[in-house]
Each structure stands twice: as structure tokens, then as C-alpha cells.
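S.K.: Below is the structure I would like to discuss, written out as C-alpha cells.
The values are calculated or read from the model by the stated rules, or taken from the named source; none is laboratory data. Bear in mind that the values here come from a model prediction, so they are computed numbers and not experimental data. For neighbour counting, all protein chains shown are included, and Cβ atoms are generated from backbone atoms with ideal geometry for every residue, glycine included. Only protein heavy atoms, including side chains, enter the accessible area calculation; ligands, DNA and RNA are left aside. Shrake-Rupley method; radii C 1.70, N 1.55, O 1.52, S 1.80 Å.
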Amino acid sequence: DVSSPKHGKVDPDNMPHIGGNTWAGGTGGRDTAGLGGKGGPYRLDAGHRVYQISQAEKDAIPEEVKRAAREMGEKAFKQRLKEIQMSEYDASTYERFSGAVRRQVQSLRIILDNLQ
């Protein structure tokens, strides 16, 4: 069961963590920032293979946990904007321009990686 969203512990060795309720950047778990799980406050990619839980499990999360996760995610987003000295308007403008060329940038990254 989900209880309350949190960032989670940071693994200094960046080992892959699957399931559970402890590690930030894990996959398929609960309550912590990561990918493929449920109840976490925001997505956090530690660069590992993603294990996805079922949509039925995600749909069973209590509304108060979903609300708490959204609030924590929004707070983290605003804090990050403050750290990089960016306003919410700047962020939305950046996202609009970035989104328009996202596929081309990804293609260019693949080409450059292959050239290296």
C-alpha cells in the first residue's frame, strides 16, 4: 500500500532498485521518486531499466496520496526553477520551444554518440 510520498534515499553506488519503498530513482516501487511505480511525488530517472506496475495498481492509489504527491512534485519543481533562476513563464516558454525540436535534438544526439 502507498502511505505518503517522499524523495527517498539516494544510493551512492547508483545500483538499480526494483520495487520497495526506500530508494530515490528506483523503478516499480511505491511512495518514492522514481519511474514505473505508484504514489511517488515526481519522476526521477537514475538511468536503469524501468519496471512498470499495472495501471490497476496506479488507479487504486487513494486520492489524498495522489494530492500529496502532486503538491510535493510542484514544490520540488518550483524549488528547481528558483535554483536555476527561472520563472514559471520562462519554463513554459522553454518547454514550448524545446518541445518543437525535441525529436530533431534526439536524432542529433544519436548521430553524435555513434560518431564518438
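S.K.: What is the residue count in segment 80-91 for residues that are closer than 21 Å to R43 by Cα and open to solvent by 100 Å² or more (accessible area, probe 1.4 Å)?
M.R.: The number of residues fulfilling the criteria is 4.
S.K.: In segment 34-60, how many residues are among the charged types (D, E, K, R) and closer than 21 Å to R80 by Cβ? Step through it out loud before you land on a result.
M.R.: To start, the set of residues in segment 34-60 that are among the charged types (D, E, K, R) comprises 38, 43, 45, 49, 57-59.
With closer than 21 Å to R80 by Cβ added as a condition, the list becomes 43, 45.
So the count comes out to 2.
S.K.: How many residues does segment 92-110 contain that are hydroxyl-bearing (S, T, Y) and open to solvent by 100 Å² or more (accessible area, probe 1.4 Å)? Walk me through how you get there before you give the answer.
M.R.: Going through segment 92-110, the residues hydroxyl-bearing (S, T, Y) turn out to be 92-94, 98, 107.
Still in the running and open to solvent by 100 Å² or more (accessible area, probe 1.4 Å): 94.
Here the count works out to 1.
S.K.: Can you tell me which residue in segment 1-29 is surrounded by the fewest Cβ atoms within 10 Å (Cβ to Cβ), limited to those that are under 13 Å from the mean Cα position of the chain (by Cα) and within 17 Å of D59 (Cα to Cα)?
M.R.: G28
S.K.: Please list, ordered by first then second residue, the pairs with beta carbon atoms under 7 Å, 6 or more apart or interchain, first in segment 38-50 and more than 18 Å from E63 (Cα to Cα), second polar (S, T, N, Q) and open to solvent by 50 Å² or more (accessible area, probe 1.4 Å).
M.R.: Hits for this filter: A46/N14.
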